[in-house]
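Data block below; observations after.
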Amino acid sequence: MEMKEQLINTVVRHMSPELEAEQLKKLKVILVMDLAKYRVDESKNEVVIYDETSDIAAYKQYFVSMKLRNLSNGTIELAMRTIDRFNRWVKTQYKDVTTQDIRLFIAHRDMVDHLSSATLNRERGCICRFFKWLYEEEYILKDPGRRVEDIKVEKRLKKAFTPVEIELMRNACVKPKEKAVIEMLFSTGCRVSELTLLAMENYDQQRGSITVVGKGNKERVVFVGARAKVAIDNYLLIKPHYEGPILCGLKGIGTQMSVCGIQKMIKRIAKRACVARAHPHKFRRTSATLALKRGMSLNDVRRFLGHTDVDTTLQYIDTTGSDLKLEHEKYVA
């Protein structure tokens with residue numbers, strides 16, 4: 001890696017805690033343009049304290065590169081946790097990691113930790129993408145992940161809640177906050193992380209819409225149905241506020257609920273309702289399935305969920321039950 005590129009990467013990395021992704025991109029462009037007319041050489045008469053080519057530098061720069069690509073915080077944290085786990089297991093420098101090391105790690109996670117094939121393939125992808133980046137950025141001389149085989153993941157149909165299960169959980173809510181969480185998840189189709197970020201400032205109560213920033217820093221509008229609006233209004237009677245998160249955290253107005261807190265709440269409600277396998281993301285799948293069944297176009301469902309690719313949206317649609325049979329008879333039989 002050229003000294004000039006190392007300097008730019010160092011500056012961008014040091015500024016990453018202070019700047020947003022778009023600002024970091026602009027900073028990098030400015031540095032590339034302004035330094036184009038200069039030659040950058042390493043000073044030889046000073047003690048080198050930080051080795052820009054070290055594994056620590058590479059690790060930190062990879063984190064910055066993901067931030068520059070506008071990946072969500074959840075995606076970045078998941079990738080870094082996987083890489084951290086692999087680093088602790090392999091205990092060797094990146095340049096010495098082999099294809100066999102990665103394969104053995106995956107085998108260990110399979111046979112000892114008993115992970116699902118989907119989780120194994122996700123971890124394999126995180127590790128292989130990291131080493132591909134190291135190779136392309138010239139931190140290492142060869143890519144050990146290039147020949148690591150994909151893991152076959154069985155395509156299992158993920159089911160939505162049935163209408164009966166939805167009503168059972170609605171009836172099982174004992175607090176206004178629980179009712180608000182259930183109805184907002186169902187009406188907006190938000191990811192649980194997005195739900196925690198929904199703010200009063202972005203809530204148009206007259207129109208029944210809320211602006212939300214989703215994955216990849218993409219902004220979209222979600223809508224609040226009649227039941228959800230009533231649930232929010234009832235919640236605001238006991239927690240009146242006009243700014244900050246709509247759903248308040250444990251520390252009160254102005255703080256937001258945690259993803260973990262919402263997940264635990266859904267499990268408690270589902271347990272009371274005797275509904276099995278309930279989690280926040282299942283509400284998102286249910287919203288998409290019902291919207292399509294009631295006549296919303298697939299492209300509009302895609303926009304509703306905030307997906308870029310319609311193929312991703314198709315994975316959310318539950319086609320079990322008699323509806324598919326009726327459609328088959330209508331168009332094929």
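The values are calculated or read from the model by the stated rules, or taken from the named source; none is laboratory data. None of the values given here were measured: they were computed from a predicted structure. Here Cβ is always computed from backbone atoms with ideal geometry, including for glycine, and neighbour counts include all displayed protein chains.
Residue count for the stretch 182-194 satisfying the condition of being more than 11 Å from HIS281 (Cβ to Cβ) and touching a helix residue (DSSP H, G or I) at 6+ places or on another chain (Cβ under 7 Å): 5.
Within the stretch 231-243, the set of residues being out of contact with any strand residue (DSSP E or B) (no Cβ under 6 Å at 6 or more places or on another chain) and either over 18 Å from LYS179 (Cα atoms) or surrounded by 12 or more Cβ atoms within 10 Å (Cβ to Cβ) (or both) comprises ALA231, ILE232, ASP233, ASN234, TYR235, LEU236, TYR242, GLU243. Within the stretch 189-207, residues that are assigned by TED's automatic domain parsing to the domain that holds VAL222 reach partners that are of a type in the set (Gly, Ala, Ser) and outside any helix (DSSP H, G or I) with beta carbons closer than 7 Å, at six or more positions or on different chains, in the pairs ARG191/GLY214; GLU194/GLY214; THR196/SER258; ALA199/GLY244; MET200/GLY244.
You will find that of GLU194, GLU154, GLU165, the residue that is among the acidic types (Asp, Glu), modelled with pLDDT of 95 or more and out of contact with any Pro (no Cβ under 7 Å at 6 or more places or on another chain) is GLU165 and no other.
Report whether or not MET169 is in contact (Cβ under 8 Å) with a residue 24 or more places away in the chain, within 20 Å of the chain's Cα centre (by Cα), assigned by TED's automatic domain parsing to the domain that holds VAL224 and part of a helix (DSSP H, G or I). I'd like the intermediate steps shown before the answer.
On the way: in contact (Cβ under 8 Å) with a residue 24 or more places away in the chain: yes; within 20 Å of the chain's Cα centre (by Cα): no; assigned by TED's automatic domain parsing to the domain that holds VAL224: yes; part of a helix (DSSP H, G or I): yes.
No, not satisfied.
Here the stretch 64-101 is the region considered, the condition is being part of a loop (DSSP other than H, G, I, E, B) and of a type in the set (Lys, Arg), and the residue that is surrounded by the most Cβ atoms within 10 Å (Cβ to Cβ) is ARG69.
Among the residues making up the stretch 213-230, those that are of a type in the set (A, V, I, L, M) and crowded, with 17+ Cβ neighbours inside 10 Å are VAL222, VAL224, ALA228. Only a single criterion out of (1) at pLDDT below 80; (2) assigned to a loop (DSSP other than H, G, I, E, B); (3) among the hydrophobic types (A, V, I, L, M, F, W, C) is not satisfied by LEU115, namely (1).
Selection of first residues in the stretch 222-245 that are of a type in the set (S, T, N, Q) and of second residues that are buried (at least 16 other Cβ atoms within 10 Å of the Cβ) and outside any strand (DSSP E or B), restricted to Cβ pairs under 8 Å at least 6 apart or on distinct chains, gives the following pairs, ordered by first then second residue: ASN234/PRO176; ASN234/LYS179; ASN234/ALA180. Of all the residues in the stretch 200-212, those that are surrounded by 16 or more Cβ atoms within 10 Å (Cβ to Cβ) and assigned to a strand (DSSP E or B) number 3.
What about MET184, is it assigned to a helix (DSSP H, G or I), within 11 Å of LEU247 (Cβ to Cβ) and out of contact with any strand residue (DSSP E or B) (no Cβ under 6 Å at 6 or more places or on another chain)? In short, yes.
Among the residues of the stretch 246-262, write down those that are assigned to a helix (DSSP H, G or I) and either surrounded by 15 or more Cβ atoms within 10 Å (Cβ to Cβ) or among the basic types (Lys, Arg) (or both). I'd like the intermediate steps shown before the answer.
Start the filter on the stretch 246-262 by keeping residues that are assigned to a helix (DSSP H, G or I), which leaves 259-262.
VAL259, GLY261, ILE262 - these are the residues of the stretch 246-262 that are assigned to a helix (DSSP H, G or I) and either surrounded by 15 or more Cβ atoms within 10 Å (Cβ to Cβ) or among the basic types (Lys, Arg) (or both).
When CYS190 is tested against (1) part of a loop (DSSP other than H, G, I, E, B); (2) buried (at least 20 other Cβ atoms within 10 Å of the Cβ); (3) touching a Ser or Thr at 6+ places or on another chain (Cβ under 8 Å), only condition (3) is not met. One residue alone among ARG124, ARG129, ARG146 is closer than 30 Å to ALA57 by Cα, surrounded by 18 or more Cβ atoms within 10 Å (Cβ to Cβ) and out of contact with any Asp or Glu (no Cβ under 7 Å at 6 or more places or on another chain), and that residue is ARG124.
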